Structures are given as structure tokens and as C-alpha cells.
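> Here's a structure for you.
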Amino acid sequence: MSLVLEPPPPPLSKSKTGAPLKRCFTSIRTALPPPNHRFRASRFPLHPTSSSRPTVTVVLKTEKEKNAVTEQKDPPVRIVAVVGQGSVSPLKCTPWEEVMMHTAKRLKWVDEGYEMVVFTDNFHQSNDQTAMDLQKELACADILLVVAVTNQDSVKWIGTNSGNIPNVICFESDPGLVNKLGGSYVHSEMKGSIFDKVVGISQLKKTDETKEVVQTVSEAWDRCNSDDIRFCLLVIINAYIQPVPILKNLRSKGFSTLNCMVKNCGPQILDCLLDPNCRKALQCLNKCSPVDQKNNCLDLDAKIPEKPYVQPMLKFRGKDLCHETAEDLFVGWLGSLDWSWRVVAGQNPAYDQFPCQYQLFYRGKAKGSFWYEPVFQVKTLEGELVWRRRKYRVKRANVPGTFYFSVLDNGVVSNEYWTIVDVSEDFSWGLFHYHGAARVAGQ
């Protein structure tokens, strides 16, 4: 079972007048600090000192080097989200305000320089200070994200105060709101919604690229999960503000990519095109991120994410957790039952949100060997339920309760870092967390 642990959102701050104020995320590192280290929140000025985007220059010097080495760091990316007061998302009916606050935190896990603040659209009903705070944020925003805003006073206020923002995207909001990408307006059949069929883009030199961005963002939004909401923002940052390393080589490189695919997988491609089920699967995959799955024709190199850091459990039944006991916790019910654990909740729709899934952990015949086999049920495109199985090699990490997993999955090696977060003393439940990466698939 894999869940990302999230603390409850902080209580809504109140101004002296009793009106709600905006929430702003500051930069906090979640990895293990060195001894005697204190956490500090990094703060960026609200406004750039000039009309251009600021650049931070760092000069590095060593005793052996006489010449200074200058590095250019990317400036912070500022995002403002405005959500309809009391609006509810399709994500298990969670309020949109909470979803956006969660997104702001998850953006920090990608890059500490991504600054996102969240407002509700009741500012015109509260006090002048809240509206002034929002105006200040909009004055230096790179992206304005509008979600579920239908109040006409709010629509007019946003339209009046967002003219200088180069990227404006509107979800499920009033048609009177407009969308912009790279400083140019994006027209659609339904004004105010970037997620409808695009019928024209004005004042753009790279219309094909913008249409591709619109399509990618639209398809991601339609999937209605927290990963893809964050992905929408990352795509826009990557296309119009600054490169996002984790989106490197998201698309093919033209003929060189096709040549690599045909050279390495020509017969398999032909067989797939001639097989009705495989051809149907390819058509489905065209709607997903088009990353290479075998011979790394896109030259991808994904790393296991370092954030968020999740603390492993320290004790079990009153004793300090050791590596052997941690493995026993993974083994769980196996022996008295035919499986170790049964997954009842998961965060990742690709790995742990199946109609039914069992986990089997067991020690191998070789000394020190340990294995994990998930047995899971999936639904085919025809609606049929079928069972599938994978086999992972498991190795202990340095800290008891943490492990490295590896598996060959559909021609791609996937590496994962697992943490035992907590297990009930009577084994009635267990909570596991993992980070993973398929290096050559760029995921």
C-alpha cells in the first residue's frame, strides 16, 4: 500500500478585521538535515527590481582556483491561483482551495524556486487589504491559474487586474475570462476555458507548439488527479518560462527518434500494427506522455525523486527497528495466509489503484536475498478483468525500514525506494511509501 503522507492544512489566518488572508508557501527542505542544521524558509522579494525577470549571480571560489566561476541561477517562478469560494473539485469532493494548496506544496518538491500562492475569490466581499495583496502578487506573476470562478464581480476584477500576466489558464470558470499563453490570447469554442477545442490562436509565431501545449494541458486536466494538475503547470513553465528538467525530451526528436525505434524494434512495431489489440493499445498510448519504453531513443535519464522525505518507523512492539524485523513486517501475513498484504488504498493510479491487488514478500534461497511480488487485477480496453504479476528484487538501504526495489517491467527497468512508515502491532494494517523512476522512460 502506498500513500503520500500529508499533514493537515494550516488553519486559515485571520487579519485584524477578521477577514481571511491568503496562504503562501515558503521554501522548506524536506530531506534529512545534517547535524545541528536548522530549517530556514527562503524568501523572495514580491517584485522584481526592473521590468525584466531578475537573475541571481553566484560566484564560486576555491583556494586552488584563481579565476571566479559564475553561475546563472533560474529566477523564481511565481504562480497565483484564484479559486471560487466554496468550490468543490472532482478529486473525492475535496475543496478546490485545498487541492491548490496541496499543488503548491508538491511544486516545491520539483523546484524550490516555484512560488505559488492561493486566494479564494471572496476578496471583493472581505476587505481592501486582501484585494491589495492579490494585486501585488498579480503584478509580478508569471502564471495566473483561475479555477471554478463564476462570480461576475470576481470575473470583472480578474479581467481588469490580469492584463500584464503572460500566462493565464482558466478551469471550469466563467466564459468571460480569457486564456493566454506566452503573452498571446488563446481562443476556443467556449471562451474562458482553455480545455475546449481550440479554433484559433492570435498573435503567435509558433502556433503548432502552442496548440500542442494546449492539447497536453487539456488531456492532463481531464484525468482529474493531483499528479496531472501539477503536470499542467510544469508544462506551461517548461514551454514559456524556463526549462523543467523532469520534462526534458518529453517529445520525440523527429527522424532520429523514428530511425532508432525502427532499428531496434522494427519487427515488433510491424507485428503490433497488424494485431488488433496491440494497435488499439497504441492508439490509447498516443494520448499519454510519448516517452520511449525500451532502447532509450529519446535519451532520457530519470532519477528517483528525493522529495518528500518520509521518516521510517523507529520502533515496533517497543523495540528499535532493525533490518530483519523490517523485512518481517513486509512478509506480514504470508504463511498464515497466501499473501503478505492486500492493498486497500493507494496514491499512484499506475501502480497501486487496481480493482484488486495482493502483495507477496518473502526471503529467497540465496543468503540475504529478498523478493516482492505484486499480484494485481487490471481492466482491459474491452472491460475484461485479467490478473498480472511482477517480481521485484529487494535490497536493504542504510536505514532500517528503508529498501531499494528493482524490476524489469515491459522492457523497462524500474528502480524504487521504499519506506515502512508504520505497521500496527497486530498487523491489522500497514502503511508503505515509495519513490520510483524508470530511467530510460523518463518517468
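We did not get these values from a lab; they are worked out from the coordinates using the rules stated. Everything quoted here is computed from the prediction, not taken from an experiment. Here the Cβ positions follow ideal geometry from the backbone for every residue, glycine too, while neighbour counts run over all protein chains shown.
> Along Cα→Cβ, 7 Å out, is where each label goes; now give me the distance between the ones at residue 404 and residue 428 in nm to one decimal.
Result for the modelled spin labels: 3.7 nm.
> In terms of the ratio Rg/(2.2 N^0.38 Å) built on C-alpha atoms, what value belongs to the range 315-441?
Values: Rg = 15.0 Å, N = 127, 2.2 N^0.38 = 13.9 Å.
Normalised Rg, Cα atoms only: 1.08.
> A further question follows. Quick one: if you stick a label point 7 Å off each Cα along the C-beta vector at residue 270 and residue 211, how many nm between them?
For residue 270 paired with residue 211, the spin-label model returns 3.3 nm.
> Using 0.36 nm per residue of separation minus the Cα-Cα distance, give me the extension gain between residue 227 and residue 362 in nm, one decimal. Each step should come with its number before you reach the end.
On the way: separation 135, 0.36 × 135 = 48.60 nm, distance 3.17 nm.
Separation in residues times 0.36 nm, less the Cα-Cα distance, equals 45.4 nm.
> Same structure, new question: Using θ = phi - 60° and the Karplus form 6.51 cos²θ - 1.76 cosθ + 1.60, what ³J(HN,Hα) does each residue of the range 238-245 get, whole Hz, x for Gly and Pro?
5, 7, 10, 10, 7, x, 10, x
> With a 10 Å radius around each residue's Cβ, average the other Cβ atoms per peptide and rank 424-430, 235-241, 263-269, highest first.
Working: 424-430: 10.9, 235-241: 20.4, 263-269: 12.4.
Sorting 424-430, 235-241, 263-269 by mean packing, highest first, produces 235-241, 263-269, 424-430.
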